[in-house]
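The values are calculated or read from the model by the stated rules, or taken from the named source; none is laboratory data. The structure displayed is predicted, hence computed values, not measured ones. Cβ coordinates were reconstructed from backbone atoms using ideal geometry, including for glycine residues, and neighbour counts include every protein chain displayed. Note: areas computed on protein heavy atoms with side chains; ligands, DNA, RNA excluded. Shrake-Rupley method; radii C 1.70, N 1.55, O 1.52, S 1.80 Å.
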Amino acid sequence: MSAFGSNTTPFILSASIVNGVKRFIRFHQYRHPQEMGAQEIEAFLTELAVARNVSASTQNQALSALLFLYKEVLSIDLPWLADVVRAKKPQRLPVVLTVEEVRSALAQLESEPWLVCSLLYGNGMQLMEALRLRVKDVDFSRHEIPIRDGKGMKDRATMI
């Protein structure tokens, strides 16, 4: 076990840091990092986001590698990098089925799978909550289903 947590983590961390630093040095025509500072880092990260169109996680990984290099290896504190053009994280829209699509999907099911899917769709239960459900758990007089040890190990109730 190493200081980083597990035996494999340091190798993965080291490889990503080394690759990020190599890309930075190559970008600046092999100048030594001690000769460069925040302005060169900003130029490199902006280049990644604008010209190379990398993902936000790739740009963040490169930034982390450079911060590690300057802070831990070279013992140089960098001013905040405010002028970096950040790569945009793609906004993802949730996939929502129409009422007709849900009816069609449920019509293909029978028995227990139909019941579980109906519960998942109708009242927002999590999959494991629906699978653990027992008949004695359902409170028909109050029209609710108490859920014990649900997501986050919390108890809650949902409607029938």
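A DSSP coil position with no more than 12 other Cβ atoms inside 10 Å describes the following chymotrypsin sites (Phe, Trp or Tyr not before Pro) in region 16-53: 30.
In the Gaussian network model of the chain, springs joining C-alpha atoms below 10 Å, which of 74, 131, 63 carries the largest mean-square fluctuation? Evaluated over the chain, the most mobile residue of the options is 131.
Counting only heavy atoms of the protein chains, get the accessible area per residue of the chain (1.4 Å probe) and round it to a whole Å² value. Accessible area per residue, the chain: 74 Å². Over region 13-160, Cα pairs under 8 Å with separation of 6+ residues give a relative contact order of 16 percent. Label separation (residue 153 vs residue 103): 4.4 nm, computed from points 7 Å beyond Cα along the C-beta direction. The fraction of accessible area contributed by carbon and sulfur in the chain is 57 percent, rounded to a whole number (1.4 Å probe; ligands and nucleic acids excluded). Of the chymotrypsin sites (Phe, Trp or Tyr not before Pro) found in region 46-113, those that fall in a DSSP loop while having at most 14 other beta-carbon atoms within 10 Å are 80.
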